[in-house]
1. Which pairs do you get when a residue that is among the charged types (D, E, K, R), found in region 180-196, comes within reach of a residue that is assigned to a helix (DSSP H, G or I) and surrounded by fewer than 15 Cβ atoms within 10 Å (Cβ to Cβ), reach meaning Cβ atoms under 6 angstrom, with the pair 6+ apart or on two chains?
2. Checking residue 73 against (1) basic (Lys, Arg); (2) open to solvent by less than 40 Å² (accessible area, probe 1.4 Å); (3) over 15 Å from residue 242 (Cα atoms), which single condition isn't satisfied?
3. Looking only at region 171-193, filter to residues that are assigned to a helix (DSSP H, G or I) and open to solvent by 10 Å² or more (accessible area, probe 1.4 Å); which one of those is farthest from residue 216 (Cα to Cα)?
4. Filtering region 102-119 down to residues that are in a strand (DSSP E or B) and open to solvent by 10 Å² or more (accessible area, probe 1.4 Å), which residue is nearest to residue 255 (Cα to Cα)?
5. So which residues in region 89-136 are charged (D, E, K, R) and either over 16 Å from the mean Cα position of the chain (by Cα) or at positive phi (or both)?
6. Please state which of the following conditions residue 53 fails to meet, knowing it meets all the rest: (1) aromatic (Phe, Trp, Tyr); (2) open to solvent by 40 Å² or more (accessible area, probe 1.4 Å); (3) touching a residue at least 60 places away in the same chain (Cβ under 8 Å); (4) under 26 Å from residue 202 (Cβ atoms).
7. For the subset of region 120-131 comprising residues that are in contact (Cβ under 8 Å) with a residue 40 or more places away in the chain and crowded, with 18+ Cβ neighbours inside 10 Å, which member is farthest from residue 227 (Cα to Cα)?
8. Select from region 159-170 the residues that are open to solvent by less than 60 Å² (accessible area, probe 1.4 Å) and touching a Leu at 6+ places or on another chain (Cβ under 7 Å) and write down the one among them that is nearest to residue 32 (Cα to Cα).
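The values are calculated or read from the model by the stated rules, or taken from the named source; none is laboratory data. The shown structure was predicted, so the numbers you read here are calculated from the model rather than taken from an experiment. Every residue, glycine among them, receives a Cβ derived from its backbone with ideal geometry; neighbour counts consider all protein chains shown. All accessible areas refer to the heavy atoms of the entire protein, side chains included, with ligands and DNA or RNA removed. Shrake-Rupley method; radii C 1.70, N 1.55, O 1.52, S 1.80 Å.
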Amino acid sequence: RTDRTGSSLGLVMSMIMQFCRYFTVEFKSEANHVWHHLLEHETCGDIFQQSPFRINLIDSYGSLLVMLLHVERLHKADLLVAVDFEGVKLNRSGQLCLVQITLSDMPSCVYMLDVYVLPLAMHFATPSGTSLKAILEDPALLKIWFDPRNDVDALYHQFGIVSQHVFDLQLADVAVRRAKGLQVNFVPSLQKCLTSCDRLGRMQKTFADFINKTGKQLFEPDHGGRYEVFQQRPLLPDLLVYAAHDCRYMQLLYQWYCENLSDEWNQRVLAGSRSRAQWFAHRKYQRPSTDAPDF
């Protein structure tokens, strides 16, 4: 009975995996020009698994189930979840369209969840009850974020999700510099944090700057873009890469900051992160400030 059950489950999972979409990103620099290419793969074979930057696009409930079941199999005590979100000028009234996730067991793989196509995705659960809502609200599971304020505002007011146990990389960067005795008046951008990280090579930093500028040209009006591009399907390839890249190195940044923070400063970052995770509680929407807070 056990063998037949296991065989049946394996067959079902194999069929579900056919609904998953796999991409890898290749990039290099030649004569001051950054070249990159997004490749789609039929399976998650060796080429996909060995890529240093891979994307698992989740635009079906079958592929979402695969990801959630994978999370269930991991040991929660050792699991770190990095998250990022994109949308139409994202906040409580700006539609959330994409969720990007990396897990500490495979930090080079970005799960890209298309919430615009899957409106029930946040509450979709496995038979055991694992869902994105449950993951984000789990007080025992650390979520790595970069400035969660607009994101948590959207999550609560659009999906009823109250995110818990958050570590804010933006505050961690402020903490590292203040711990060195530096005066920090303003919070940094993710791009600045990546540029400052000595764990990234020159090519990685060059591509980070390139894809950051490319993405902003697509969705920021001040750069000639429009926010509604996040609602366009199929997703533009450069937008897919931009969104995934925002989450690609968050696990690495977390490890780097933790190595450079004392226990006291780490706890102060967690306390500041808890405060930011409550940003949704303002009666009226508050636009996040760029001032570096005390925490």
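1. Filtered contacts from region 180-196: no entries.
2. Every condition holds for residue 73 apart from (2).
3. We begin by selecting, within region 171-193, every residue assigned to a helix (DSSP H, G or I); these are 171-179, 190-193.
Narrowing the set further to residues that are open to solvent by 10 Å² or more (accessible area, probe 1.4 Å) leaves 173, 176-179, 190-192.
Working: 173: 23, 176: 28, 177: 27, 178: 30, 179: 32, 190: 13, 191: 12, 192: 15 Å.
Ranking the candidates gives 179 first.
4. Start the filter on region 102-119 by keeping residues that are in a strand (DSSP E or B), which leaves 102-103, 106-114.
Retained after the next criterion (residues that are open to solvent by 10 Å² or more (accessible area, probe 1.4 Å)): 106-108, 111.
On the way: 106: 14, 107: 11, 108: 14, 111: 20 Å.
Going through the qualifying residues, I end up with 107.
5. As a first pass, look at region 89-136 and keep what is charged (D, E, K, R): 89, 92, 105, 114, 133.
Within region 89-136, 89, 92 qualify.
6. (2)
7. 130
8. Applying the first criterion (open to solvent by less than 60 Å² (accessible area, probe 1.4 Å)) to region 159-170 yields 159-163, 166-170.
Next, from what is left, pick out any that are touching a Leu at 6+ places or on another chain (Cβ under 7 Å): 161, 163, 167, 169.
Values: 161: 44, 163: 42, 167: 36, 169: 30 Å.
Ranking the qualifying residues of region 159-170, first place goes to 169.
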